[in-house]
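Just below is one structure, and these are the notes that go with it.
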Amino acid sequence: MYGSLDISTSGMIAQRTRLQVIAANIANRNAILDSAGNVDPYRRRIIGLAPGDPTATTPEGRAMGVHVAAIDLDSSPLQMASYDPENPHAYKSGPNAGYVPGTNVNPVWEQVNAMEASRAYEANVVAAEAAKTMMGQALRLLA
C-alpha cells in the first residue's frame with residue numbers, strides 16, 4: 001500500500017517541477033538580453049520525465065514512480081519579433097540583419113502544457129487520497 005503513495009508522491013513532485021519550468025518559460029517569453037546585457041534570446045526549457053525513483057531506499061521503490069530526468073533547452077528556431085533596423089538589439093549582419101530577435105516560447109503552448117500538468121497533479125492527488133482511504137478501511141477491518 002505504501003508503494004502507491006510513493007508513486008503518487010513522485011508524480012506530484014514531477015508535475016510541480018514541470019509547472020515551475022512552464023512558469024519560468026512564460027515569465028521569460030520577452031527576454032532577449034542575457035545577464036551581461038548582450039542579445040541572447042531566452043530559449044524555452046523542456047522537462048524530461050523518466051520512470052522510477054532514484055531516491056528510493058529499496059530496489060522495488062526505485063522501480064516505481066517517476067522522476068525528472070533532465071531539463072533541456074528547446075532547439076526549435078527563435079522567432080523574429082519585428083523588423084526594426086534602428087533598434088539597438090536588432091541583428092547587425094547576416095540573414096536576419098535588421099530584425100529584433102524573439103524567444104521560442106509560445107504562450108499558448110505553455111498554457112496548454114500547464115493545464116495538462118495541473119490535471120496530472122490533480123490525478124495524483126486523487127490517487128493518493130484513494131490509497132489513504134483504502135489503508136484506513138483495511139485498518140478498520142483489522143480492529
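The values are calculated or read from the model by the stated rules, or taken from the named source; none is laboratory data. The shown structure was predicted, so the numbers you read here are calculated from the model rather than taken from an experiment. All Cβ positions, glycine included, derive from the backbone under ideal geometry; neighbour counts span all protein chains shown. These area figures cover heavy atoms from the full protein model, side chains too; ligands, DNA and RNA do not enter into them. Shrake-Rupley method; radii C 1.70, N 1.55, O 1.52, S 1.80 Å.
The shape of the chain can be summarised by an equivalent ellipsoid whose semi-axes, obtained from the alpha carbon gyration tensor, come to 46, 15, 9 Å from longest to shortest.
Determine, from the Cβ-Cβ distance of V125 and N30 and an R0 of 35 Å, the FRET efficiency 1/(1 + (r/R0)^6), rounded to the nearest 0.05. Please list the in-between numbers first.
On the way: r = 33 Å, r/R0 = 0.95.
Efficiency at R0 = 35 Å is approximately 0.60.
Between A143 and N87, the contour length at 0.36 nm per residue exceeds the Cα-Cα span by 12.6 nm.
Quick one: pull the percent of accessible area on segment 69-143 belonging to carbon and sulfur, 1.4 Å probe, ligands and nucleic acids left out. It would help to have the intermediate numbers written out before the result.
On the way: 3120 of 5170 Å².
Here carbon and sulfur together make up 60 percent of the probe-accessible area.
Within the listed set P85, P51, P95, the residue fluctuating most in the Gaussian network model of the chain (springs between alpha-carbon atoms under 10 angstrom) is P95. Highest GNM mean-square fluctuation among D84, D40, D74, for the chain modelled with Cα contacts below 10 Å: D84.
Taking 0.36 nm per residue of separation and subtracting the Cα-Cα distance, what length does fully extending S75 through A50 add?
Values: separation 25, 0.36 × 25 = 9.00 nm, distance 2.03 nm.
Extending this stretch completely gives an extra 7.0 nm.
Helical runs assigned H by DSSP (4 residues or longer) give the chain a calculated mean residue ellipticity at 222 nm of -16500 deg cm²/dmol, each run adding -39500 (n - 2.57) before division by the residue total.
Against the main long axis of the alpha-carbon atoms of the chain, helix 2-27 sits at an angle near 20°.
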